[in-house]
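Just below is one structure, and these are the notes that go with it.
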């Protein structure tokens, strides 16, 4: 099943997807890092930067928060809520005691810088980006983290990104005048006075330009393919017990889609969906994910918004928008009890149903803070039990279980004459169920039942339910 993981995306798409993960993790609006990248580019242009420097500040801005899933657990312990706490840290509303604790938490900065640097190396972005990412928490006066470096060891591209980020965050939180005042006060402390002056003098013009042309210019070199698994791995780093989760979902879901006979193009979109379906998880604090017992009031609603955030984030990454639509159905259920949309029955396409089933399987097989991992046999029993309760399609569940077991084909149906769904409906009507009753039991519409019944009659050469029942029994289609 390793082929399921051979999924590529353009470098540009990967950078934007990772930027969205970072924005949610840091409590920022989606698109924040893209705005900062645009502002940093304008800054670099004003400073006469060459093409490499312009590309570098963009990529540093997009990856500035790329290490924040890796230290989310540490910030949850430090601040209680890693998402809201880091938002307050960035917009200068965090209390003095908590801010002092952050400044002393050098190991968290080490983790962040090491991971972001490794991401840059994996993406082969070069020394300018790697060096800039490892210096974004250092300051002009040497009081930054993790190394306490002084000005001569901090590249200008890092200052440009930090200044652009401060402008965007503080302007949104406190207004432009207050933002510029604070930035000016940080001259020769947080960043060089000369660079702070350039930003203060140009901020209004740059923000106006951002409103006119918010998107980054196309970069031909950013079209080269990179592995989407990297994005999934960055997403999964948020919770230690989810390491490798997206890869597992991809392996099972793609193989199940193959067994189920879905088109190769659909299999490819399912693979992408599997690798990025947990993106919205970054918007929810680790202390909720690690809760061993019942969730506190209101917490369930926040968790149920995870697929919403995934969907919303990926709509801004053009080449992942289709797979994001599938990913947004990760927790939907056939009976309408899922989230975030709560859709049911016919509203769920085969790929939606299959993907949600694969996600559920992977969750059952993984260890969680509140329970150990289920064995393969116990997971299969629980999945079938949920299917019998109407949460999942039973036949798709069998395909997922077969895929997880490494089987290369599904058990043969008793007859190829009728589909599995048609056999199920024939079984129901043979016992006297009306179309409406069958629809309720199978969570589909009466019109869909009627269409299936007409197909059953046509295939069996019958025009009555009694004759169809007799023929179904004779052929072994029903018991």
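The values are calculated or read from the model by the stated rules, or taken from the named source; none is laboratory data. Here the structure is a predicted model, which is why all the values come from computation and not from measurement. Because the Cβ atoms are built from the backbone with ideal geometry, glycine has one as well, and the counts that use them run over all protein chains shown.
Descriptive notes on the structure:
- Residue satisfying condition, being modelled with pLDDT of 95 or more, touching a helix residue (DSSP H, G or I) at 6+ places or on another chain (Cβ under 8 Å) and closer than 28 Å to residue 118 by Cα, within set 242, 167, 180, 207: 167
- Cβ-Cβ under 6 Å pairs, at least 6 apart or on other chains, region 102-115 side in contact (Cβ under 8 Å) with a residue 60 or more places away in the chain, far side crowded, with 17+ Cβ neighbours inside 10 Å and outside any helix (DSSP H, G or I): 115/67; 115/70
- Lone qualifier among 63, 78, 15 - being out of contact with any strand residue (DSSP E or B) (no Cβ under 8 Å at 6 or more places or on another chain), within 20 Å of residue 113 (Cβ to Cβ) and not assigned by TED's automatic domain parsing to the domain that holds residue 113: 15
- Residue 135 at pLDDT 95 or above, in a loop (DSSP other than H, G, I, E, B), assigned by TED's automatic domain parsing to the domain that holds residue 66 and touching a helix residue (DSSP H, G or I) at 6+ places or on another chain (Cβ under 7 Å): yes
- Scan of region 309-343 for residues that are part of a helix (DSSP H, G or I), in contact with a strand residue (DSSP E or B) (Cβ under 9 Å, 6 or more places away or on another chain) and over 14 Å from residue 270 (Cβ atoms), ordered by number: 319
- Helices (runs of 4 or more DSSP H) wholly inside region 397-468 containing at least 3 residues that are more than 28 Å from residue 254 (Cβ to Cβ) and free of Cβ contacts under 8 Å to residues at least 24 places away in the same chain: 435-442, 446-460
- Restricting 172, 189 to those that are part of a helix (DSSP H, G or I) and on the phi < 0 side of the Ramachandran plot reduces the list to 172.
- Among the residues making up region 288-299, a single one is over 21 Å from residue 362 (Cβ atoms) and assigned to a helix (DSSP H, G or I): 299.
- Tabulated pairs, region 266-287, first at positive phi and in a helix (DSSP H, G or I), second modelled with pLDDT under 95 and buried (at least 24 other Cβ atoms within 10 Å of the Cβ), C-beta under 8 angstrom, 6+ apart or interchain: none
- Taken together, 470, 410, 442 contain a single residue that is over 28 Å from residue 293 (Cβ atoms), over 29 Å from the mean Cα position of the chain (by Cα), outside the structural domain of residue 258 (by TED's automatic domain parsing) and crowded, with 18+ Cβ neighbours inside 10 Å, which is 442.
- Residue 159 closer than 26 Å to residue 12 by Cα, touching a strand residue (DSSP E or B) at 6+ places or on another chain (Cβ under 6 Å) and either modelled with pLDDT of 95 or more or not in a loop (DSSP other than H, G, I, E, B) (or both): yes
- Test: residue in region 230-244 that is under 15 Å from the mean Cα position of the chain (by Cα), without any contact (Cβ under 8 Å) to a residue 24 or more places away in the chain, surrounded by fewer than 19 Cβ atoms within 10 Å (Cβ to Cβ) and under 26 Å from residue 83 (Cα atoms): yes
- Region 69-85 - residue that is in contact (Cβ under 8 Å) with a residue 60 or more places away in the chain and not in a helix (DSSP H, G or I) and, of those, surrounded by the most Cβ atoms within 10 Å (Cβ to Cβ): 69
- Some residue of region 324-334 being over 18 Å from the mean Cα position of the chain (by Cα) and either surrounded by fewer than 22 Cβ atoms within 10 Å (Cβ to Cβ) or assigned by TED's automatic domain parsing to the domain that holds residue 257 (or both): yes
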